[in-house]
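Colleague: The structure follows.
The values are calculated or read from the model by the stated rules, or taken from the named source; none is laboratory data. Since this is a predicted model, take the numbers as computed values, not measurements. Reconstructed Cβ throughout: ideal geometry from the backbone, glycine too, with neighbour counts over all protein chains shown.
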Amino acid sequence: MKLETELKNTRPLAPHPRALLNILFTASWLDCLQTRQMRAFGLTPPQYNILRILNGSAPKGLSVLDIKSRMIDRSSNVSRLVEKLKQADLAERIAHQDDRRMVIVTISEKGKKLLADIETSGIFEEKMPGKALTEAEAMELAHLLDKFRE
């Protein structure tokens, strides 16, 4: 559906403001979609993001600062999110060997299983946004978004 229809705007928008509004609107739409998808697994999108980051760094683990630097939403309170994951036995905190002030966070076996369950649930195949795009269009969109952030 066109942006103007979604926003109930009767006048056409200039190209650059339209692009910006469309990105903001789509980001909000995607956030709501992902929130609904993750709710079924007892996670928030930032918690899911952290689990994926930890899974990608396994078995080494990462410091909270390293996790934050890899987050999609870098304004998230990573320490609080990690604590919630730890309380749910989805992540583990390990004292750093050389620096006792630093804590390394790793994904637990339960966290790995939850990620596998999410992956095999089919939520990403069934409700994957952008299915109407060809691979070439998806690559072009990614390129344009990279260029937009320059």
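Colleague: Please find, within segment 60-90, the residue that is modelled with the highest pLDDT out of those that are touching a Ser or Thr at 6+ places or on another chain (Cβ under 7 Å) and either surrounded by fewer than 16 Cβ atoms within 10 Å (Cβ to Cβ) or not hydrophobic (A, V, I, L, M, F, W, C) (or both).
Modeller: Looking at residues that are touching a Ser or Thr at 6+ places or on another chain (Cβ under 7 Å) and either surrounded by fewer than 16 Cβ atoms within 10 Å (Cβ to Cβ) or not hydrophobic (A, V, I, L, M, F, W, C) (or both), I get Asp89.
Colleague: Checking the conditions here, which among Leu30, Leu51 is touching a residue at least 12 places away in the same chain (Cβ under 8 Å), closer than 26 Å to Asn77 by Cβ, outside any loop (DSSP other than H, G, I, E, B) and in contact with a strand residue (DSSP E or B) (Cβ under 7 Å, 6 or more places away or on another chain)?
Modeller: It is Leu51.
Colleague: Which members of segment 8-27 meet the condition of being surrounded by 12 or more Cβ atoms within 10 Å (Cβ to Cβ), without any contact (Cβ under 8 Å) to a residue 60 or more places away in the chain and under 21 Å from Leu141 (Cβ atoms)?
Modeller: Leu13, Arg18, Leu20, Leu21, Asn22, Phe25, Thr26
Colleague: Specify the residue that is nearest to the chain's Cα centre (by Cα); the eligible residues are those in segment 96-114 that are loosely packed, with under 11 Cβ neighbours inside 10 Å and at pLDDT below 90.
Modeller: Arg101
Colleague: With the checklist (1) in a helix (DSSP H, G or I); (2) under 30 Å from Lys8 (Cα atoms); (3) more than 14 Å from the chain's Cα centre (by Cα) in hand, flag the one item Asp117 doesn't pass.
Modeller: (2)
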